[in-house]
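FYI, it's all coordinate maths here, none of it is from the lab. Keep in mind the model is a prediction, meaning the values are calculated, not measured. Please note: Cβ atoms are built from the backbone with ideal geometry, for glycine as well, and neighbour counts cover all protein chains shown.
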Amino acid sequence: MDDHTWRDYMERKSNSIMKMKKHGLMKVDANLISNESHWNLHSDDRGPEQLRNMACLPGLVGDVWAMADWHFGYGFPIGGVAATDVDNGGVISPGGVGFDINCGVRLVTTNLQLNDIGNLKSLGKRLAKEIPAGTSGKGGYEINSSKLSNIITGGAEAAYELGWGHSEDLSAIESNGVLEVDEPNISERAIERGIRQLGTLGSGNHFLELQTVDSIVDKNTAEGYGLFPNQIVAMIHTGSRGLGHQVCSDHVKKLESGYKRDGKNWIHKEWGITLPDRQLAAAPIHSKSGIEYIQAMQSAGNFAFANRSALTQRFRDIIYKELGSDAEVDVLYDVSHNIAKFEKHVIEGVACNCCVHRKGATRALPVGHKELDQRFSQFGQPVLVPGDMGTASWVLSGPKKANVAFDSSCHGAGRSLSRTQARKNINSSDLLKELNHKGILIHAKTENVLSEEAPDAYKDVDEIIRMTEDAGLANPVSRLTPLIVIKG
């Protein structure tokens, strides 16, 4: 299915939603969050083609979705959301989770304002020195196999027990920072990589940003979340590092080997599954392969929760050293955006046990949802949306009622240029001068990262937020602008 006939099945459903009607091997319809101007600007048809291919997975319920920040990925497009029926032929696809399992965002709040920071440059240098970033695991905490075992089964709770975090952090983390693991099923290579990398950011689009609350859109919810104008906050964006990448690589290789080409399609004879793209390789949820992947994915997810906890503790310690122990440093929320979660949803009036794949999408649980801690219940879940290092990020809230995309929202601005295009088009030195002129202090390990992650390489995050709100997926609360950026 490498043709462009999907365009013949597109129709506008609302100002911010495009629908692709079911055709060919598709089991369900597909929706893209996109207004008219956004749709007309997109030039890479691979994302919508991947969305169409997603809709061919067995056991799907509801429609499949691409959030407003959608772009081309591996198997699923980034921004892809799809749910399969756990009890009736549903499958799980590693390509619907991604290689950086439980890549996610944590927002840390303080009781400080900009004028409380005497020397911003000094703070930036200390953050750059003491927050390990880059492709290697240099600077990671030294842990042994026993501690790693506790982390991959205990997540953020295990990190807290090891001294990385506060007990009250746990209720401010999606799933309380722990995914259920009985048998980890991760390779020795994944373990080797994990032991070296706990407490490190990584590279690419991962970062730690010191930000300020630039504006507040929803005063009541902002107050409920503990946000106020000109407040200093920190956003931490990272995941499961090499451990998660290895877990995905191991299971993708194993699953894809079972699919054989048959004309334009790929078939798994044992499971009777036909797919248009081998990168979608999926296993029945209750099969041996499916259970093994789920356990390994959740192990990597726990490592990611612990990693963000360890980085939070590093940040806390730096703030205390620079600004004194009177500083209050709290976790507002921590969200996953590369994970498959087992959730209950109502589809066309019928309750369903769903396996919801979110790849480059985050949950946006509505007001009153039973999984939300009491402090968030009346406001809806905090939804954290990083933008780019030269513009802004956003805090949103879950809607008043469950949304039609399995309680999902966008997870970022979304790339408008590939990394290769960005390196060709954007001069890192000029960009650095431009950002410094804006008063944004950048600390990056390599020049390539600057051009690859430049503001011009991303979509307009404010427009992404407007489309997300218009589609009824989440509501804007506050806009955050960068002061210090730490990247690999």
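G124 sits among other residues whose Cβ lies under 13 Å from its own Cβ, and their net charge, with Lys and Arg +1 and Asp and Glu -1, is +2.
Subtract the Cα-Cα distance of E11 and D317 from 0.36 nm times their separation in residues, and report this length gain in nm to one decimal. All intermediate terms of the calculation are to be shown ahead of the outcome.
Working: separation 306, 0.36 × 306 = 110.16 nm, distance 5.26 nm.
Separation in residues times 0.36 nm, less the Cα-Cα distance, equals 104.9 nm.
Listing V213, V247 from fewest to most neighbouring C-beta atoms within 10 Å gives V213, V247. Look at (1) 23.1, 78; (2) 22.5, 93; (3) 21.2, 67: the one that is Rg and Dmax of the Cα atoms in Å derived from this structure is (3).
Averaging the sequence gap over all C-alpha pairs within less than 8 Å and six or more residues apart, then dividing by the number of residues, gives the chain a relative contact order of 22 percent. Between D456 and T274, residue separation times 0.36 nm minus the direct Cα-Cα distance comes to 61.6 nm. Inter-label distance, N436 to S418: 3.2 nm, where each label sits 7 Å from its Cα along the C-beta direction. Calculated FRET efficiency, E142 to L120, Cβ-Cβ distance, R0 = 41 Å: about 0.85 to the nearest 0.05. What FRET efficiency do you get for E348 and D182 if R0 is 25 Å and r is their Cβ-Cβ distance, rounded to the nearest 0.05? It comes to 0.15. Near the amide H of W394, within less than 5 Å, lie the amide hydrogens of V385, G387, L480, all on another chain or at least 5 residues away, with H placed in the peptide plane.
When only C-alpha pairs under 8 Å and at least 6 residues apart count, what is the relative contact order of the stretch 366-488, in percent? Provide the component values of the computation, followed by the final result.
Numbers: 223 pairs, mean separation 41.2, N = 123.
Relative contact order of the stretch 366-488: 34 percent.
Report the full-extension gain for the segment K288 to E192: residue separation times 0.36 nm, less the Cα-Cα distance, to one decimal in nm.
Values: separation 96, 0.36 × 96 = 34.56 nm, distance 2.46 nm.
Roughly 32.1 nm would be gained on extension.
Please identify the trypsin sites (Lys or Arg not before Pro) of the stretch 93-177 that satisfy two criteria: DSSP loop assignment and at most 12 other Cβ atoms within 10 Å. Which are they?
Details: sites: R106, K121, K125, R126, K129, K138, K147; in loops: K138.
Within the stretch 93-177, the qualifying trypsin sites (Lys or Arg not before Pro) (loop, at most 12 other Cβ atoms within 10 Å) are K138.
For the stretch 103-182 and the stretch 207-268, compute the distance between their C-alpha centroids and round to whole Å. A separation of 15 Å, based on Cα centres. How about the stretch 156-231: which GluC sites (Glu not before Pro) there are in a DSSP loop, with at most 15 other Cβ atoms within 10 Å of their Cβ? Those satisfying the criteria are E180.
How charged is the neighbourhood of G439? Take every other residue with its Cβ under 13 Å from the Cβ of G439, and add Lys/Arg as +1 and Asp/Glu as -1. Don't skip to the end; give the middle numbers.
Numbers: positive: K121, K433, K438; negative: D214, E434.
Taking every Cβ under 13 Å from that of G439, the sum is +1.
Inter-part distance, the stretch 335-413 to the stretch 431-477, computed on C-alpha centroids, equals 21 Å.
Per DSSP H run of n ≥ 4, the term is -39500 (n - 2.57); total these for the chain, divide by its residue number, and report the mean residue ellipticity at 222 nm rounded to 500 deg cm²/dmol. Each step should come with its number before you reach the end.
On the way: 13 runs with 150 residues, N = 488.
Rounded to the nearest 500, the figure is -9500 deg cm²/dmol.
Rounded to the nearest 20 debye, the dipole size of the chain about its Cα centre is 900 debye, using +1 on the Cβ of Lys and Arg and -1 on the Cβ of Asp and Glu.
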